[in-house]
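Asker: Here it is: the structure, laid out below.
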Amino acid sequence: MANHRCHVVATSPLPGDALEGLGKKVSLEVKRPEGAVSEAMLKEWFAEADGALTLLSDPVTADVIRSCPHLRVIANYAVGYNNVDVEFATDRDITVTHTPDVLTEATADLAWALILAAARHVVEGDRLVREGRFHGWAPDLLLGMDFKEKTIGIVGMGRIGRAVARRAAGFGMHTLYAQRHRLSASTEAALNARRVTLDELIQSADVVSLHCPLTEETRGLMDARRIAAMKPGAMLINTGRGPLVDEAALVEALKEGRLSGAGLDVYEKEPEVHPGLIGLSNVVLLPHIGSSGRETREIMARMAASDLLAVLEGKRPAHPVPEQAGDAPWSQAAKCHEC
């Protein structure tokens with residue numbers, strides 16, 4: 001790498017003081033886009049950049065990476081990184097990092113906020129009061145789902161899925177889970193969880209909560225067939241990735257009353273939301289805030305900035321994406337002179 005002060009582009013301001021600290025070590029440019037970021041924008045912004053600090057919504061495609069000859073590190077401000085073409089980045093000796101583990105508790109809390117809100121008609125009740133339509137207590141007012149002895153089905157029993165299961169135990173629920181690999185017997189016992197097939201989970205659970213990564217195999221996981229197979233009166237919760245769910249099929253199931261409710265923090269074509277969801281009172285819609293605890297978001301920023309700086313200094317980052325854990329593209333890049 002040329003003997004120069006590293007140039008880093010952050011595609012958005014971040015909570016906390018991590019970017020301020022990073023700016024003391026590198027030449028930092030922080031973008032403040034209005035609306036969605038496009039590939040064309042990223043190509044322009046990263047054209048001379050040694051490092052990029054990106055968001056999950058930024059499309060860091062092979063085409064973008066190809067147009068950035070100086071790029072050595074992409075620090076993704078998220079636990080997920082399906083927005084980055086990791087394979088192409090690795091071929092170009094570009095390190096990709098993310099922010100795992102820190103999001104676990106905040107996202108599990110948010111999943112339960114959605115479960116509770118959907119089950120007990122919290123948003124609908126709030127709207128009823130604000131609109132002056134509450135005329136006193138009634139035996140059948142906004143009847144919802146009780147949790148004790150009900151079953152939650154968790155699709156993807158990683159850190160977040162296990163955190164959701166721990167909370168479910170506090171509500172007296174039974175837990176089923178579906179994923180490729182079985183948990184240890186001790187972990188299953190601690191969580192009072194039982195591994196089943198995805199189809200069995202869908203047919204048996206009163207609440208289906210999605211926590212699996214987005215891959216070619218999981219895209220459209222909850223399609224029309226699987227949504228139709230859900231237990232009558234069940235609820236679907238998605239704090240994972242929007243494209244896991246066929247939103248058109250979900251709209252129909254909610255309209256017809258086959259499902260009692262749903263809670264979504266992510267969307268199939270985010271930030272676009274299926275118009276059929278907007279007018280439904282039995283779905284709670286949030287703007288992708290699963291990890292938006294203040295402390296969590298500030299820690300994420302520090303992790304991303306620290307990993308980015310480490311790579312530019314020729315060091316191993318603390319949080320490379322799993323595909324690069326056994327690789328070392330960071331060792332292929334010469335250290336920036338003033339980093």
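The values are calculated or read from the model by the stated rules, or taken from the named source; none is laboratory data. As the structure is a prediction and not an experimental result, all values here were calculated from the model. Backbone-built Cβ (ideal geometry, glycine too); neighbour counts: all protein chains shown. Just so you know, the surface numbers come from the protein's heavy atoms only, side chains and all, with ligands and any DNA or RNA stripped out. Shrake-Rupley method; radii C 1.70, N 1.55, O 1.52, S 1.80 Å.
Asker: Could you list, in sequence order, all residues of segment 59-86 that are surrounded by 20 or more Cβ atoms within 10 Å (Cβ to Cβ) and more than 15 Å from Leu309 (Cα to Cα)?
Answerer: Listed by number, the residues that qualify are Val60, Val64, Ile65, Cys68, Ala78, Val79, Tyr81, Val84, Asp85, Val86.
Asker: Tell me the residue from Thr175, Thr99 that is in a loop (DSSP other than H, G, I, E, B) and open to solvent by less than 20 Å² (accessible area, probe 1.4 Å), please.
Answerer: Selected residue: Thr99, the only one of Thr175, Thr99 that is in a loop (DSSP other than H, G, I, E, B) and open to solvent by less than 20 Å² (accessible area, probe 1.4 Å).
Asker: May I pose another question? Name the pairs: first residue in segment 121-142 and without any contact (Cβ under 8 Å) to a residue 12 or more places away in the chain, second residue among the hydrophobic types (A, V, I, L, M, F, W, C) and surrounded by 10 or more Cβ atoms within 10 Å (Cβ to Cβ), Cβ to Cβ under 7 Å, at least 6 apart or on different chains?
Answerer: Filtered contacts from segment 121-142: Phe134/Leu128.
The rows are residues; the columns are (1) in contact (Cβ under 8 Å) with a residue 60 or more places away in the chain; (2) under 14 Å from the mean Cα position of the chain (by Cα); (3) within 30 Å of Pro13 (Cβ to Cβ).
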residue: Asp223; (1), (2), (3): no, no, no
residue: Ile227; (1), (2), (3): no, no, no
residue: Asp246; (1), (2), (3): no, no, no
residue: Leu259; (1), (2), (3): no, no, no
residue: Ala262; (1), (2), (3): yes, no, no
residue: Leu286; (1), (2), (3): yes, yes, yes
residue: Gly293; (1), (2), (3): yes, yes, yes
residue: Ile299; (1), (2), (3): yes, no, yes
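Asker: Which one of Asp50, Asp58, Asp17 is in contact with a Lys or Arg (Cβ under 7 Å, 6 or more places away or on another chain) and not β-branched (Val, Ile, Thr)?
Answerer: Asp50
Asker: Closer than 19 Å to Asn238 by Cα, modelled with pLDDT of 95 or more, open to solvent by less than 20 Å² (accessible area, probe 1.4 Å) and small (Gly, Ala, Ser): is that true of Gly125 in this structure?
Answerer: Answer is no for this residue.
Asker: If you take the residues of segment 77-96 that are in contact with a strand residue (DSSP E or B) (Cβ under 7 Å, 6 or more places away or on another chain) and assigned to a loop (DSSP other than H, G, I, E, B), which of them is nearest to Cys212 (Cα to Cα)?
Answerer: Checked segment 77-96; the qualifying residue nearest to Cys212 (Cα to Cα) is Tyr81.
Asker: So, Ala248, is that one in a helix (DSSP H, G or I), open to solvent by 10 Å² or more (accessible area, probe 1.4 Å) and within 19 Å of Leu286 (Cα to Cα) or not?
Answerer: It is true that Ala248 is in a helix (DSSP H, G or I), open to solvent by 10 Å² or more (accessible area, probe 1.4 Å) and within 19 Å of Leu286 (Cα to Cα).
Asker: Of all residues being in a loop (DSSP other than H, G, I, E, B) and over 9 Å from His98 (Cβ atoms) in segment 302-325, which is most open to solvent (accessible area, probe 1.4 Å)? Just the residue, please.
Answerer: Within segment 302-325, the match that is most open to solvent (accessible area, probe 1.4 Å) is Arg316.
Asker: Within segment 256-298, can you find the residues that are assigned to a helix (DSSP H, G or I) and in contact with a Leu (Cβ under 7 Å, 6 or more places away or on another chain)?
Answerer: Listed by number, the residues that qualify are Leu277, Thr296.
Asker: Return the only residue of Glu34, Glu29, Glu44 being open to solvent by 30 Å² or more (accessible area, probe 1.4 Å), closer than 24 Å to His288 by Cβ and among the acidic types (Asp, Glu).
Answerer: The unique qualifying residue is Glu34.
Asker: Report whether or not Ser281 is open to solvent by 60 Å² or more (accessible area, probe 1.4 Å) and among the polar types (S, T, N, Q).
Answerer: Yes.
Asker: Return yes when Asp50 is farther than 22 Å from Asp265 by Cα and buried (at least 20 other Cβ atoms within 10 Å of the Cβ) and no when it is not.
Answerer: Against the criterion (farther than 22 Å from Asp265 by Cα and buried (at least 20 other Cβ atoms within 10 Å of the Cβ)), Asp50 qualifies.
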